[in-house]
Amino acid sequence: MQYPQTKLPSVGLTIFSKMSALAAEKSAINLSQGFPDYQGPKALLDSVAKQVAAGMNQYAPMSGMPALRRLIADKVERLYGRSVNPDTEICVTPGATEALFSAIASTVRAGDEVIIFDPAYDSYRPAVELNGGVPISLSLMPPKFAIDWDALRAAITPRTRMIIVNTPHNPTGQAWSAEDLDSLEAAVRDTNILILSDEVYEHLIFDGLEHQSMNRRPVLAERSFIVSSFGKTYHVTGWRVGYCVAPAALMSELQKVHQYVTFNTHTPLQCAIADFMAQRPDYPLGLGEFFSNKRDRLAQGLSASRFKLLNSSGTYFQLVDYTAISDLPDDEFVLWLLDEAGVAAIPLSPFYKSGMQTGCVRLCFAKQDETIDRALEGLCRV
């Protein structure tokens, strides 16, 4: 039998899976894949068992449990001043990645161009290609990884369907300013371009900065799918619960795809999250300090190393420049680092369509202090 030609010829096992597998194989400290090695809030975890025992084990409504959608709407209004309809403008999804995919699949047609800023989260480009779209890559350059707004304007054509943005940004840790929102508004004015805004790290922002959500700007919100993640907010990435906020007309299209991809999201987990949100609505407000303390612990320890730290204004990732240590390409350097330091990191080049070398690798600091300290011993040794 002759099997069909692959629809994703350039896609293999993700770098995250590869490095986590190698870290386990070599009993190394895993600062590669972005997940915590500690538990989420006890009240949240305890609520899951209560919801299961209470019988919340059958299908949830396709768009999510009503109580959870109302609480999401309350949060959006409280934090960003935008009023959204929980019945027509919010959809709960099994992870943010499904929301991202469904937003792309529901609006991108064959030949449509989608602008992506590299380095980019690895699910964007395959989702565009699977739906016949044409990814247009604009590279962000170290050390600031700032958007070149002139380059963006030059990249927009009559075929541009969507711009994908991500703030705070994985993998660089950069966060948008209000001026960036101004520039995006100007770039899409008088067009029908859609925005897919990946804001899964919305609460993980440091140094007194304010998250610049598309929810803050009516002109942007009216054309945006805005995606967030409870897994990132509550340290339970394995739960795979996210959500999307979008105008009713866009949400209706997203749900046409969502209903045939997964239909709904884990009922007892939705109920537990809603219960916790009702009890602790201000919980996310403490995450900036929580994670900046971990960032600073890593930074202080690395001051005794040959790594050079780049700015991290958000997420739970830190880029480090290793060029004072080695001239190896980053995909080879992380293997060397695994053997020499016993620490797994992520190379930056797979986040670029071009595979560009920057001399940087990504470390995850969503770890217990003891894990960070043990990692520092190895990192300072090389």
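Read-outs: derived from the displayed coordinates by stated rules, not from any lab. Bear in mind that the values here come from a model prediction, so they are computed numbers and not experimental data. For neighbour counting, all protein chains shown are included, and Cβ atoms are generated from backbone atoms with ideal geometry for every residue, glycine included.
Note on region 42-279: Lys pairs 8 or more places apart or on different chains, Cα atoms under 30 Å apart, count 9. Placing a pseudo-label 7 Å from each Cα along the Cα-to-Cβ vector at residue 191 and residue 148 gives an inter-label distance of 1.7 nm. Per-residue extension of 0.36 nm, minus the Cα-Cα distance of residue 159 and residue 216, leaves a gain of 17.8 nm for this segment. For residue 308, a cut-off of 17 angstrom between C-alpha atoms picks up these aspartates and glutamates, skipping any fewer than 8 places away in its own chain: 296, 321, 327, 330, 377.
Taken about its Cα centre, the chain carries a charge dipole of about 620 debye when Lys and Arg each add +1 at the Cβ and Asp and Glu each add -1 at the Cβ. Among 353, 26, the ranking by other beta carbons within 10 Å of each residue's beta carbon, starting with the fewest, stands as 26, 353.
What does the charge add up to near residue 231, with Lys and Arg as +1, Asp and Glu as -1, over the other residues with Cβ less than 15 Å from its Cβ?
The answer is -3.
For region 262-338, applying the loop criterion from DSSP together with a ceiling of 16 other beta carbons within 10 Å to the trypsin sites (Lys or Arg not before Pro) yields 306. Taking every C-alpha pair closer than 8 Å and separated by at least 6 residues, the mean separation divided by the residue count of region 75-166 gives a relative contact order of 28 percent. Using the Cβ-Cβ distance between residue 110 and residue 340 with R0 = 51 Å, the FRET efficiency computed as 1/(1 + (r/R0)^6) comes to roughly 0.60.
DSSP bridge analysis restricted to the chain gives an antiparallel fraction near 45%, rounded to the nearest 5.
Whole Å is fine, so just give me how far the alpha carbon centre of region 57-111 lies from that of region 265-301. The distance from the Cα centre of region 57-111 to that of region 265-301 comes to 19 Å.
Taking the highest mean first, how do the peptides 271-284, 324-337, 159-172 order by number of other beta carbon atoms within 10 angstrom per residue?
Averaged packing, sorted descending, gives the order 159-172, 271-284, 324-337.
For region 42-279, the relative contact order works out to 31 percent when only alpha carbon pairs closer than 8 Å and six or more residues apart are counted.
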